[in-house]
Amino acid sequence: MTERDVNTAFAITLVDEWARAGLTDAVVAPGSRSAPLALAFERDPRVRVHVVLDERSAAFRALGFGLATGRPAAVLCTSGTGAANFHPAVIEAAHARVPLLVCTADRPPELHDAGAGQTIEQSHLYGRTARWYHEPGPPADVPGAGATWRAAAGRAWAATLGPPAGPVHCNFAFREPLLPTGAPLVDAPGRAGGEPWTRSTAGRRAPAAADVTRVAERVRACPRGLLIAGWGAGVTPRTAARFAAAAGWPVLADPISQVRTGPHAISTYEALLRAPAFADAHRPDLALRVGAALTSKIATAWLDPSVPQVLVDPHDEWLDPHHAASERIAVDAEALLAAVADELGAPAASRWVDDWQRAEQLARAAIDRTLDSSPAPCDALVARDLAAALPDGASLVVASSLPVRALEWCMAPRTGLRVFANRGANGIDGFVSTVVGIAQADGSEPTVGLCGDLCFLHDSNGLLGATAPATFVVVDNGGGGIFSYLPPAELPEFERLFVTPHGLDLVEVARAHGAAAERVDDVHKLLEAVLTPADGVRVLVVPVDRTASVARHRALWDAVSAAF
């Protein structure tokens, strides 16, 4: 009997099953051992293939797809250290609950521990960060193989979506020949009508009636309360606004929560809570927290364990780094807040909200007046004006370290803007690639990445081969600006060990990677450039004097404190 082509059949079957489930994009890092799957992705018309040279960049680009769409992209590499280079993105996907389908090719068992090249131990390479690990062994032409392959592919897809969403690692060992042989394929038919082999529906944790009543009673008994929303809040702006109005509570929402909108949103809490008189007079009697903690260390320290706090998280995780929560409720936050708002009834007048809103107006005026007092760019001015100027439907991707904090300090409430950040593990690595992935997923909508110079340099090869309409605003302050706000700033070794000035022309760095780039030293010109439609990737470098920028940030807080 003619030997059938099992490798090709196996790869085609997996890709077909994933496409039936909803896969639209695969990011492929070139290699030989992964050839069966790479060819299957490329030859399936339902899948867009993005070839990325560097595996770390490839994985973060796939992560960007997951951030933007809520469904996984596949990322594929050959055997060896390429799989290890996926690890930072796998960690971020796990902590940030982003779906990611990680496919690593491997040598067959007989080549392990035998000195074969490009062969490392890839079994459970990512440890507990993977939502599910699958290692089926080299494909074999055995009875029932097609059903086994399709069921495993469906399970991998479902596991990326959770709950909670996250990375799934499939480690595929292939024996040679790796390319199609022309022999008949192993028969592996799918379900009729293009249906997935196993259709999975992610579960949702609806609140029990007793939970709704108990929370509503606590909210009603505490008119001096706060709704706190961090990343992963899982609440729509509409529902957050309904709850806040019914409770008579202000909302302290991180920009990356997606709910810094509406009249109850207090956007200046970082500056307000640095004013001791205001902070002492406005400690809440109860805080209802959805999502992770706020980025602001000032706010999270203020919400210490003496403040009763209810943490709502549908995945039953402990997003409570300061160990302050007095109650945890493992339910869907959107459903809980909507039900509690219904039970509370019609909005009532609230002096508590009025006080916070007046403070917001005073603080916002002080912040804007201070920022507008000088045309020289600084992190806060760039962040504030970018967030305000981008059109509805745009995506603003903000890097960790100083940019995400500058945005939290200064972004005014608004609707229509999607704000993303890699805040699962809070690293700067992979930022450029993540932005490119989001831009490719969004298509025609403008995508802007705001980052610092070191973050940009850390992932500058993410620009290689990138054609998505993405704009990068790079604040070049000559090193790690965030450390100027931290205790190391007082050390004599500060510049060398912490700031790490790079001394590079970032415009030329960007151009060397194939991107259009220019230097912009005026914020108005920056906004004009950002709002001009981009054909591809472009980099706008904004020079900032680090010392002057720190002084202006501190002047913001002094101005707000003086207002009270």
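The values are calculated or read from the model by the stated rules, or taken from the named source; none is laboratory data. Source: prediction; values computed, not measured. Reconstructed Cβ throughout: ideal geometry from the backbone, glycine too, with neighbour counts over all protein chains shown.
This table checks each residue for (1) touching a Cys at 6+ places or on another chain (Cβ under 8 Å); (2) small (Gly, Ala, Ser).
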site	(1), (2)
Gly514	no, yes
Arg519	no, no
Asp522	no, no
Leu527	no, no
Leu531	no, no
Asp535	no, no
Val539	no, no
Arg546	no, no
Arg552	yes, no
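Can you go through Asp385, Asp372 and tell me which one is farther than 28 Å from Phe60 by Cβ and either touching a residue at least 60 places away in the same chain (Cβ under 8 Å) or not hydrophobic (A, V, I, L, M, F, W, C) (or both)?
Only one candidate passes the filter, namely Asp372.
Yes or no: segment 42-58 includes at least one residue that is surrounded by 21 or more Cβ atoms within 10 Å (Cβ to Cβ) and in contact with a Pro (Cβ under 7 Å, 6 or more places away or on another chain).
Yes, segment 42-58 contains a residue that is surrounded by 21 or more Cβ atoms within 10 Å (Cβ to Cβ) and in contact with a Pro (Cβ under 7 Å, 6 or more places away or on another chain).
Restricting to segment 433-457, count the residues that are surrounded by 22 or more Cβ atoms within 10 Å (Cβ to Cβ) and either out of contact with any His (no Cβ under 8 Å at 6 or more places or on another chain) or charged (D, E, K, R) (or both).
Total satisfying the criteria: 17.
Residue by residue through segment 311-324, note down the ones that are within 24 Å of the chain's Cα centre (by Cα) and buried (at least 19 other Cβ atoms within 10 Å of the Cβ).
Leu311, Val312, Asp313, Pro314, listed by residue number.
Of the numbered conditions (1) closer than 21 Å to Asp368 by Cβ; (2) over 25 Å from the mean Cα position of the chain (by Cα); (3) at pLDDT 90 or above; (4) surrounded by 15 or more Cβ atoms within 10 Å (Cβ to Cβ), His524 fails exactly one; give the number of that condition.
Among (1) closer than 21 Å to Asp368 by Cβ; (2) over 25 Å from the mean Cα position of the chain (by Cα); (3) at pLDDT 90 or above; (4) surrounded by 15 or more Cβ atoms within 10 Å (Cβ to Cβ), the lone unmet condition for His524 is (4).
Kindly evaluate Thr201 against the criterion of being polar (S, T, N, Q) and either in contact with a Ser or Thr (Cβ under 9 Å, 6 or more places away or on another chain) or at pLDDT 95 or above (or both).
no
May I ask you to list the residues in segment 108-162 that are of a type in the set (Ser, Thr, Tyr) and assigned to a loop (DSSP other than H, G, I, E, B)?
Of everything in segment 108-162, those that are of a type in the set (Ser, Thr, Tyr) and assigned to a loop (DSSP other than H, G, I, E, B) turn out to be Thr119, Ser123, Tyr126.
Please pick out the residue among Leu63, Leu111, Leu101, Leu76 that is without any contact (Cβ under 8 Å) to a residue 12 or more places away in the chain and touching a Ser or Thr at 6+ places or on another chain (Cβ under 6 Å).
Just one listed residue meets the conditions, Leu111.
Taking the condition of being surrounded by 13 or more Cβ atoms within 10 Å (Cβ to Cβ) and under 21 Å from Ala156 (Cα atoms), how many residues in segment 192-215 meet it?
Of the residues in that region, 4 qualify.
Condition check ((1) part of a helix (DSSP H, G or I); (2) at pLDDT 95 or above; (3) at positive phi) across all residues:
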residue	(1), (2), (3)
Asn422	no, yes, no
Ile438	yes, yes, no
Ala441	yes, no, no
Val448	no, yes, no
Ile482	yes, no, no
Arg496	yes, no, no
Pro501	no, no, no
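Of all residues in segment 396-407, count the ones that are assigned to a helix (DSSP H, G or I) and surrounded by 23 or more Cβ atoms within 10 Å (Cβ to Cβ).
Residues in segment 396-407 being assigned to a helix (DSSP H, G or I) and surrounded by 23 or more Cβ atoms within 10 Å (Cβ to Cβ): 5 in total.
Being crowded, with 24+ Cβ neighbours inside 10 Å, among the charged types (D, E, K, R) and closer than 11 Å to Gly154 by Cα is the filter here, so list the residues in segment 17-41 that pass it.
Glu17
Among the residues of segment 349-395 satisfying the criterion of being in contact with a Pro (Cβ under 9 Å, 6 or more places away or on another chain) and outside any helix (DSSP H, G or I), which is farthest from Ala241 (Cα to Cα)?
For segment 349-395, the residue satisfying everything is Pro377.
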